Amino acid sequence: MATASPQQRLPGLRERVRRWAKRRQGSDDDQLRLHSGRIYILPNAQGIAFGFLIIAMLVGAMNYNNSLGLAVTFLMAGIALVTMHHCHRNLAGLKIRYGGDEPAFAGDRAKFRITLVNDTAVPRLGLTLRCHDHVTQTIHLEPGEHETLVLEVPTTRRGRLELDRFSVFTSFPLGLFHCWAWIHPRWHTVVYPRPAPAGLTPPPQHTDTGGASDDSAGDADFAGLRNYRPGDPPRHIAWKSFARSEELLVKQYAGTDVASHWFDFDSLDQMGLEARLAQLSRWIVDAHLSDTAWGLRLPGESFAPEVGPAHRDRCLTALALM
Amino acid sequence: MPDRTGFDVNARALDTPRLLWTLACLAAAAGPHLLHLPLWSPGLMVTTMLWRLAAQQGRLALPGTVVRLVLAFAGFAGVFVSYGTITGLDAGSTLLVVMAALKLTETKSVRDLIVLLLISYFLIVTQFLFGQSIMIALYAFPTIWLITTALSQVSSAAPTMPWRKAFARSGILLAHAVPVMLIAFVLFPRMSGPFWSIPRGDNTALTGLSDTMQPGSITRLLQSDAVAFRVAFDDDPPPPEQRYWRGPVLSNFDGRSWSIFQQHDREVQESSIELIGPSVSYEVTLEPNYRNWLFALEQTDPGDLPRRSYMTSDLRLVRAEPVTQLFQYRLQSWPQHRANADVGPNHWTLQRDRQFPQRTNRRAQALAQQWLAETGDPAAVVERILRQFRVQEFVYTLTPPALSRTDPVDDFLFNTRRGFCEHYASAFTLMMRAAGVPARVVLGYQGGELNPFSRHLTVRQSDAHAWSEVWLDGRGWIRVDPTAAVAPERVESGVAGALPDGEQLPGLFRSYDWLRQLQFGWDAVNNGWNQWVLGFSRQEQRSLLRALGMKRPNLQKMLLAMIGLITAVMAIIAAHMLWQSRPSPADPCARIYARFCRKLERVAGARADHEGPLDFARRVMLAHPAIAAPVEEVTRLYVSLRYFPEDNDSRIADLRRAVRALRV
């Protein structure tokens, strides 16, 4: 599901050119190297101004029959020509690699991580990624360097979001040319239903164990993970999980007071589909933040009570794709 | 591609490093204009620069719209007050500087900075309209480097680079652009004539001969080392006593000063000159003198003159428009000639050249008339006057005493008797007129200095000279140099040789030997610069192209050759860059291993990112046992090179050999 953008609402020449490029290039893999055939270059506004400057100088120098003036004019024309090649070289042979995605709630920006790799002997300068209106920061890559940029894509509604096109561009060295390549990946991410405004209270908790017990006594009986909160004993931190995902989680044990909610799609039968999903999304987000375990029942699918970001993402994804 | 969505990288706010780069460029580009602009305009620029810097640091607000409008109006008014116009070279470039200064006060985004940088480029080119010396070129090209570097720093959205790196990068850009410049410079068709009239630099300080002569006017010129023109002779240059470079001819005398006769600038009739004897061919490179006249040896052929010039009836060489740029022309002169020999004595110019004010300088008139009565022959009067100068106590000096305002010639002849060429020429010509002989004063240059390195002749303002011409029946106009009678050395060896011992020599004349060598060397360089760079005109271009083998060069051929050559150069540069940008790890070991992987790619597929060399080798060996041995060998060598990097040169060679030997 692609997002609506101004370009798509007005399929003009620009959009037709892009479709042509897509037909020509086909879809791209998770890793690709830009070859010259798919790099486009045109003078930008500044380049056109530079061109007019050269013409003005040429006319002046010819009128005054001024040899040095002509020499400088020709030097600047040479600079403009050479700049075109230097600008093009920033992209030719550049390697682009997919670096994962970050889902978002509808209306927020989904993020795609894209790694630019320069495994050649020349620097790649002034590189920027763009998807619709969003541009990333601009980077220089010296020979042998690589850097990951985060491309943010606006979202409007829940579901699967495919990054069907983005461009990498540069106008280095002098900003006279806009040199770009379109990439048509098949990467996608999930857009979660936007949480409903707080209001409806979540269904009551029910406790598994029925009563508190001694924290230290239950060490042996591992029950699950929850987000770290300041004050948690360091020995309960799940270090292995931290090493994998860089998320600080705390182990919970049976015997601890584990209360959980069951969020049921069918219990919200007085609402429409989107409203139900929004409400479930709200409950999940809140439960996740307050570190209470929750389970989710959807038509034909059920998630047992658990805590942690992985569980949250699983549940939200299920909502998104319903 | 320009963006339609309104997103623009250059609309972003500017930061201090980018501002500083731009200010440096503006200062460097406007700097040389200080030499000829009214002081307030660079003052304005410095003020707005400081203002903008203070605003950047938050210590001062940028001016509002009203203040900016007032400043802009004041700028225009200032230019108008300074020049009386806002067009023309001086006013125009002042306006450019003023506008750049004012633009600074409303500079908020990177795009504004880019506009200022483009103005800086333009300021460089306007410098050349004021002068094109080697020094200016040596200044301009590094400034272009600076501006180009700044443009790359300012226009990029990435953080600015360290300045050394930025200069190195734009240096490569410039180095690649130089071949294009050279090709275009040689092949771009030179047009003749301006598209619009070139405004004359009115306040340009003139050094050079003027069209009037009064006591003291030439002596001032003698203080100037400035080059008037340079001459390259096809063969040997004529001896010093024949090097009379004829310029303006002064026929009007008001008792004190001589001036040019303007009213009737008729063209000469070719039949009135007889060109006889050997000729000498040469090329003159005239420095701008903002006058119409050209200098030539006697006597050039009126039928073979430089482009857009003509010869008047008093044999002056005149150009249609003033010489505002270095101007090159070729001439052929016949030192032995007879001028106006067929024009009868009733010709009106001869009448004109007999006139003089009767009421002043009466003693000189009386003496001349007395001598004519005694001898009865104009030629004898000439001799008589010259002998007078020789035998009496006449002194050649650069510091003559002041002369009477009413009767300067009498005062000079009978009292002071100390003078310079203008005094002698003036006195002689007046006496000849008093004796009824048509006579006139000629201004020009005499002599010049042969450069031992390039064999060209350099004529300086200090070689300025004045002499006379008299009309003798049956012989036509004859050149008489009365100064030669007093100080023959002036003509043979220049001013320095002619002065009495102990007299202070101006500027150039006091020179040590090594300094003189240096001057000759520098002048030779300048001469080459003028000939090959500045004076590279239509004719020069065509003859160079013919010499390079282009048959009958025309506009079409030149443009085609230029475009073809530039395309070829750009293709070479592009191919080189594409070759550079191929994937090639900097480390030779990794490069060879990459070649190995590419070889195997066809049979085993690419090595995945997660696959280590050993895993990769294992996979390949399992799938293709036939090449297991060489694959294992290469992998072993590669791993050992990675982990035991000592003595790697020979093992890298082994690795290379092993990879080359691998047949898939």
Residue pairs meeting the criteria (Cβ under 7 Å; at least 6 apart or on separate chains; first assigned to a helix (DSSP H, G or I), in the range A:267-295; second polar (S, T, N, Q) and buried (at least 19 other Cβ atoms within 10 Å of the Cβ))
A:268/A:279
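Every residue in the range B:516-574 that is of a type in the set (Ser, Thr, Tyr) and over 15 Å from residue B:184 (Cα atoms), please.
Start the filter on the range B:516-574 by keeping residues that are of a type in the set (Ser, Thr, Tyr), which leaves B:537, B:543, B:567.
Within the range B:516-574, just B:543 meets the criteria.
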Are there any pairs, at least 6 apart or on different chains, whose C-beta atoms fall under 9 Å, with the first in the range B:102-125 and away from chain A (no Cβ under 13 Å) and the second part of a loop (DSSP other than H, G, I, E, B), and if so, which?
B:105/B:62; B:105/B:63; B:106/B:62; B:106/B:63; B:107/B:14; B:107/B:62; B:108/B:14; B:108/B:62
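Conditions tested, residue by residue: (1) closer than 16 Å to residue A:69 by Cβ; (2) of a type outside the set (A, V, I, L, M).
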| position | (1), (2) |
| --- | --- |
| B:88 | no, yes |
| B:109 | no, yes |
| B:125 | yes, no |
| B:133 | yes, yes |
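Please note which helices (runs of 4 or more DSSP H) are completely contained in the range B:511-617 and include at least 1 residues that are polar (S, T, N, Q). Please lay out each step first, then the result.
Values: elements: B:513-529, B:538-547, B:555-580, B:588-604.
In the range B:511-617, B:513-529, B:538-547, B:555-580 are the helices (runs of 4 or more DSSP H) which contain 1 or more residues that are polar (S, T, N, Q).
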Test result for residue A:79, more than 8 Å from chain B (Cβ to nearest Cβ), buried (at least 19 other Cβ atoms within 10 Å of the Cβ) and either closer than 30 Å to residue B:162 by Cβ or over 24 Å from the mean Cα position of the chain (by Cα) (or both)
no
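Looking at A:259, A:287, A:223, A:254, can you tell me which residue is surrounded by 13 or more Cβ atoms within 10 Å (Cβ to Cβ), modelled with pLDDT of 80 or more and of a type in the set (Gly, Ala, Ser)?
Values: A:259 fails: modelled with pLDDT of 80 or more; A:223 fails: modelled with pLDDT of 80 or more; A:254 fails: modelled with pLDDT of 80 or more.
Checking each option against the conditions leaves just A:287.
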So residue B:571 clears everything in (1) surrounded by 13 or more Cβ atoms within 10 Å (Cβ to Cβ); (2) out of contact with any Ser or Thr (no Cβ under 6 Å at 6 or more places or on another chain); (3) within 12 Å of another protein chain (Cβ to nearest Cβ); (4) not β-branched (Val, Ile, Thr) except one condition, right? Which one?
(1)
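Would you please name the residue that is farthest from the other protein chains (Cβ to nearest Cβ), looking only at residues in the range B:127-141 that are in a loop (DSSP other than H, G, I, E, B) and of a type outside the set (Gly, Ala, Ser)? If you could, list the steps in order and put the result at the bottom.
Of the range B:127-141, the ones in a loop (DSSP other than H, G, I, E, B) are B:128-133.
Those left that are additionally of a type outside the set (Gly, Ala, Ser): B:128-130, B:132.
Values: B:128: 4, B:129: 6, B:130: 10, B:132: 5 Å.
Result: B:130.
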In the range B:574-611, the residues that are within 13 Å of chain A (Cβ to nearest Cβ) and in contact (Cβ under 8 Å) with a residue 40 or more places away in the chain
B:588, B:593
Let me confirm something: among B:399, B:375, which residue is more than 14 Å from chain A (Cβ to nearest Cβ), free of Cβ contacts under 8 Å to residues at least 60 places away in the same chain and either aliphatic (A, V, I, L, M) or surrounded by fewer than 19 Cβ atoms within 10 Å (Cβ to Cβ) (or both)?
B:375
Between a residue in the range B:233-245 that is more than 13 Å from residue B:331 (Cα to Cα) and any residue that is modelled with pLDDT under 85 and of a type in the set (A, V, I, L, M), which pairs come within a Cβ distance under 6 Å, given they are 6 or more apart or on different chains?
B:241/B:491
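Looking at the structure I just gave you, is residue B:152 surrounded by fewer than 18 Cβ atoms within 10 Å (Cβ to Cβ) and either touching a strand residue (DSSP E or B) at 6+ places or on another chain (Cβ under 9 Å) or without any contact (Cβ under 8 Å) to a residue 40 or more places away in the chain (or both)? Working first, answer last.
Details: surrounded by fewer than 18 Cβ atoms within 10 Å (Cβ to Cβ): no; either touching a strand residue (DSSP E or B) at 6+ places or on another chain (Cβ under 9 Å) or without any contact (Cβ under 8 Å) to a residue 40 or more places away in the chain (or both): yes.
Spelling it out, it is not the case that residue B:152 is surrounded by fewer than 18 Cβ atoms within 10 Å (Cβ to Cβ) and either touching a strand residue (DSSP E or B) at 6+ places or on another chain (Cβ under 9 Å) or without any contact (Cβ under 8 Å) to a residue 40 or more places away in the chain (or both).
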Top-ranked residue of the range B:167-203 - restricted to ones that are crowded, with 16+ Cβ neighbours inside 10 Å, modelled with pLDDT under 90 and of a type outside the set (Lys, Arg), ranked as farthest from residue B:446 (Cα to Cα):
B:189
Could we say that residue A:40 is away from every other protein chain (no Cβ under 11 Å) and not hydrophobic (A, V, I, L, M, F, W, C) here?
no
Residues of the range B:537-554 satisfying the condition of being within 13 Å of another protein chain (Cβ to nearest Cβ) and either surrounded by fewer than 17 Cβ atoms within 10 Å (Cβ to Cβ) or farther than 26 Å from residue A:79 by Cα (or both):
B:538, B:539, B:540
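Inside the range B:142-169, can you point out the residues that are facing chain A (nearest Cβ under 7 Å) and not in a loop (DSSP other than H, G, I, E, B)?
Going through the range B:142-169, the residues facing chain A (nearest Cβ under 7 Å) turn out to be B:144, B:148, B:151-152, B:155-158, B:169.
Of everything in the range B:142-169, those that are facing chain A (nearest Cβ under 7 Å) and not in a loop (DSSP other than H, G, I, E, B) turn out to be B:144, B:148, B:151, B:152, B:155, B:169.
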Which one of these is assigned to a helix (DSSP H, G or I), of a type in the set (Gly, Ala, Ser) and surrounded by fewer than 17 Cβ atoms within 10 Å (Cβ to Cβ): B:55, B:27, B:91?
B:27
Tell me the residue from A:194, A:165 that is more than 9 Å from chain B (Cβ to nearest Cβ) and more than 30 Å from residue A:48 (Cβ to Cβ), please.
A:194
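Assess whether residue A:156 counts as being of a type in the set (Ser, Thr, Tyr) and not in a loop (DSSP other than H, G, I, E, B).
On the way: of a type in the set (Ser, Thr, Tyr): yes; not in a loop (DSSP other than H, G, I, E, B): no.
Against the criterion (of a type in the set (Ser, Thr, Tyr) and not in a loop (DSSP other than H, G, I, E, B)), residue A:156 does not qualify.
Return yes when residue A:113 is assigned to a strand (DSSP E or B) and within 9 Å of chain B (Cβ to nearest Cβ) and no when it is not.
Values: assigned to a strand (DSSP E or B): yes; within 9 Å of chain B (Cβ to nearest Cβ): no.
Against the criterion (assigned to a strand (DSSP E or B) and within 9 Å of chain B (Cβ to nearest Cβ)), residue A:113 does not qualify.
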Please work out which one of (1) part of a helix (DSSP H, G or I); (2) at pLDDT below 95 is the condition residue A:96 fails and give its number.
(1)
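Based on this model, can you work out whether residue B:445 counts as part of a helix (DSSP H, G or I) and either in contact with a helix residue (DSSP H, G or I) (Cβ under 6 Å, 6 or more places away or on another chain) or within 27 Å of residue B:400 (Cα to Cα) (or both)?
Numbers: part of a helix (DSSP H, G or I): no; either in contact with a helix residue (DSSP H, G or I) (Cβ under 6 Å, 6 or more places away or on another chain) or within 27 Å of residue B:400 (Cα to Cα) (or both): yes.
Considered against the rule, which asks whether it is part of a helix (DSSP H, G or I) and either in contact with a helix residue (DSSP H, G or I) (Cβ under 6 Å, 6 or more places away or on another chain) or within 27 Å of residue B:400 (Cα to Cα) (or both), residue B:445 comes out as no.
Considering each of B:631, B:664 in turn, give the residue that is outside any helix (DSSP H, G or I) and either within 15 Å of residue B:595 (Cβ to Cβ) or among the aromatic types (Phe, Trp, Tyr) (or both). Full working, then the answer.
Numbers: B:631 fails: outside any helix (DSSP H, G or I).
So the residue among B:631, B:664 that is outside any helix (DSSP H, G or I) and either within 15 Å of residue B:595 (Cβ to Cβ) or among the aromatic types (Phe, Trp, Tyr) (or both) is B:664.
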Using the structure shown, decide if residue B:276 is at pLDDT 75 or above and farther than 23 Å from residue B:426 by Cβ.
yes
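For the range B:612-630, which residues satisfy the criterion of being within 29 Å of residue A:143 (Cα to Cα) and either touching a residue at least 24 places away in the same chain (Cβ under 8 Å) or surrounded by fewer than 17 Cβ atoms within 10 Å (Cβ to Cβ) (or both)?
Keep residues of the range B:612-630 that are within 29 Å of residue A:143 (Cα to Cα), which gives B:612-617.
Those that are within 29 Å of residue A:143 (Cα to Cα) and either touching a residue at least 24 places away in the same chain (Cβ under 8 Å) or surrounded by fewer than 17 Cβ atoms within 10 Å (Cβ to Cβ) (or both): B:612, B:613, B:614, B:615.
The values are calculated or read from the model by the stated rules, or taken from the named source; none is laboratory data. Being a predicted model, the structure only gives us computed values, none of them experimental. Every residue, glycine among them, receives a Cβ derived from its backbone with ideal geometry; neighbour counts consider all protein chains shown.
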